[in-house]
Amino acid sequence: MTTLMSGLSAADEGNPNIDYAGFLRQAAKVGKEREKRRVTVDQFLEMIQDEDTILLDARSVAMFKTLHVRGAVNLPFPDFTEATLAKVIPNKKTRVVIYCNNNFKNASQAFATKASIASLNINTFNALRSYGYENVYELKPLVDAKNTKIPFGGTAADKDGRLKD
C-alpha cells in the first residue's frame, strides 16, 4: 500500500467508495485548469446569456429560494450523483457556470461566507470535473450584492433583480 505524506494509504482501507488519495490527485489536476476558467463579472454575464449554458447553484434549497443569480438551476452539492447531475446537465460538454457564497458580500443571510479553503466553488468545480463535465467556469471576484450588474431572483430580490433593502 502506498502511503501519502499525511499517513493515509492510496486506497481508503475498508471502504472502496472513498478514495482520498484519488481526490487529492484530481484536485491537483483540476486546480491548474480551474485557474484558467475563473471569469470576471462581465464574462459571467455574457456566458449566462447563452441559452446553451447552464448556470448552476450548488447551495442548499433554502438559500437558493432566498437569493440566487437569476436564471440559475439549483442542485445542492450533497445531492450530486451521476444521475442527478445528468438530469440537470445531460451533456457533459455543455458549458456550466458556477458561483457560491464566497462570491458575494453584503447579503450574508443567503450568501454566508465560508472558510476560504472550504469554498463551495472549489468543491463544485472539482466534483463536476470528477463526474466528467468538461466545460466548467467559475465566477472569480468577490461581488457586492448591493451594487452589482448581476441580476438576482428569490425572496430577497426585487422585481428588477436587485437585493431588497
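Whether any residue in the range 94-105 is over 29 Å from residue 158 (Cα atoms) and at pLDDT 95 or above is what I want to check. Yes, the range 94-105 contains a residue that is over 29 Å from residue 158 (Cα atoms) and at pLDDT 95 or above.
Only one of the numbered conditions (1) touching a Pro at 6+ places or on another chain (Cβ under 9 Å); (2) surrounded by fewer than 17 Cβ atoms within 10 Å (Cβ to Cβ); (3) of a type in the set (A, V, I, L, M, F, W, C) is not met by residue 58, and that is (2). The numbered conditions (1) at pLDDT 95 or above; (2) among the small types (Gly, Ala, Ser); (3) part of a loop (DSSP other than H, G, I, E, B) are all true for residue 6 except (1).
Touching a residue at least 40 places away in the same chain (Cβ under 8 Å), closer than 20 Å to residue 29 by Cβ and not acidic (Asp, Glu), is that true of residue 98? In short, yes. Tell me which residues, restricted to the range 110-165, are touching a helix residue (DSSP H, G or I) at 6+ places or on another chain (Cβ under 6 Å), in a loop (DSSP other than H, G, I, E, B), under 28 Å from residue 52 (Cβ atoms) and small (Gly, Ala, Ser). Across the range 110-165, the qualifying residues are 110, 119, 154. Filter the range 95-116 down to the residues that are under 16 Å from residue 44 (Cβ atoms) and β-branched (Val, Ile, Thr) and list them by number. Residues satisfying the conditions are 96, 97, 98. Per the listing 77, 125, 104, the residue uniquely within 14 Å of the chain's Cα centre (by Cα) and farther than 24 Å from residue 32 by Cβ is 104.
The values are calculated or read from the model by the stated rules, or taken from the named source; none is laboratory data. Predicted model only: the values in this text are computed from it and were never measured. Neighbour counts run over all protein chains shown; Cβ positions are idealised from the backbone, glycine included.
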